[in-house]
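What follows is a set of notes on a single structure, which appears directly below.
Read-outs: derived from the displayed coordinates by stated rules, not from any lab. Since the model is a prediction, treat every value here as computed from it, not as a measurement. Cβ sites come from the backbone with ideal geometry, for glycine too, and all protein chains shown count toward neighbours.
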């Protein structure tokens, strides 16, 4: 799986992102900072046309999340319908053994205004509450990934300005029995997935998964190439989980990049 913040790409950049994603080996993409514009529509429509399963709730006037899968989608968990901004979560139960419930999430950013701070806090609170209310069988196979727009208490460098509820998001995920995939694979490593205007790095993009899946996690890493090529201002984050698609991957055809170019 790979999570990528596409920065509400306009159509021309979405075309380049589509080509980059088409070259990737992952079976599932968690896309964050989608928009209601033509760039997101182009990206998702091309994947649908190629036979991929796409989960996306349009959020007119707001940014959101999408899930693109070469594995069949069996269900979309109802628990996330009660999140304060439902379009910022895209979740699906995948046809794997063991069964995976994958949730792509794009947590709102904020400034110092009370309104945006309250909006972000309410979203985090309702999202975490939705995780608590997932049925036990979905909790056991849960994978959460995306752009959380928060950092950990032990982040290096330590950045001022984050509020207690923002640090508490990662604490609560741990309390719910979800492990930080990258920390599990690379103890002590401090990756940065977004670089601010001052040159300071922030780890905003994550994967967390249920402890029942810990032994099936076989790799985690950050792909900086997509940021270095100017396709987005975030590095992508990826994990490899050793599960089987049941009975098989979807029969995906050529993903049309343009009228002349088609990949895989």
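Ranked highest first by average number of other Cβ atoms within 10 Å, how do 84-93, 131-140 line up?
84-93, 131-140
How big is the gap, in Å, between the Cα center of segment 157-195 and the Cα center of segment 54-107?
22
Roughly how large, in nm² to one decimal, is the mean projection of the convex hull of the alpha-carbon atoms in the chain?
That works out to 13.2 nm².
Would you work out the Kirkwood radius for segment 112-264? I mean one over the mean of 1/r across all pairs of different Cα atoms, in Å.
So the Kirkwood estimate lands at 17.7 Å.
Relative contact order of segment 2-242, please, whole-number percent, based on alpha carbon pairs below 8 angstrom and at least 6 residues apart.
For segment 2-242, the relative contact order is 18 percent.
Could you order the peptides 22-35, 179-192, 158-171 from most to least packed, using the average number of other C-beta atoms within 10 Å per residue?
Put in order of decreasing packing, that is 22-35, 179-192, 158-171.
Run the simple label-point estimate for residue 195 and residue 113 please: 7 Å along Cα→C-beta, distance reported in nm.
It works out to 3.0 nm between the two label points.
Given the rule -39500 (n - 2.57) for each run of at least 4 DSSP H residues, summed and divided by the residues of the chain, what is its mean residue ellipticity at 222 nm, to the nearest 500 deg cm²/dmol?
That calculation yields -7500 deg cm²/dmol at 222 nm.
Sorted by packing (mean other beta-carbon atoms within 10 Å per residue), highest first, where do 234-246, 106-118 land?
234-246, 106-118
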